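Trainee: I'd like to ask you about the structure that follows.
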């Protein structure tokens, strides 16, 4: 066993002595046509409003409110999104699905 260990180490020596071949990185390709210049008009305006109950981030594009992110102090954040552009906001959860509200009816009261 003592003779086998140095033999194995000697056999593995070429593997450790090899250095990886380094190649230069390819040049960065130019941006696609029409995207050469950064347009600041594309960036949304974000207004942050903090209350005791929640924090709202209001996103506006060209002065029109299109999305609100609501982060309550207790609970998960959710989004209110105006999908049609008509001012009617629908609630969407962080994972992208619509918020599911189970029906709540009064069965019996006394």
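Every read-out reported here was derived from the displayed coordinates using simple, explicitly stated rules and does not represent laboratory data. Keep in mind it's a predicted model, so treat the numbers as computed, not measured. Reconstructed Cβ throughout: ideal geometry from the backbone, glycine too, with neighbour counts over all protein chains shown.
Trainee: If you rank 49, 70 by fewest surrounding Cβ atoms within 10 Å, what's the result?
Mentor: Least to most surrounded, the residues fall as 49, 70.
Trainee: Counting other beta carbons within 10 Å of each Cβ, put 80, 61 in order, fewest first.
Mentor: Arranged by neighbour count, lowest to highest, 80, 61 become 61, 80.
Trainee: Gain in length, residue 88 to residue 50, computed as 0.36 nm per residue apart minus the alpha-carbon separation, to one decimal in nm?
Mentor: Going from the current span to full extension adds 11.4 nm.
Trainee: Still on this model: If each residue's Cβ is checked for other Cβ atoms within 10 Å, how do 81, 107, 42 rank with the fewest at the top?
Mentor: 107, 42, 81
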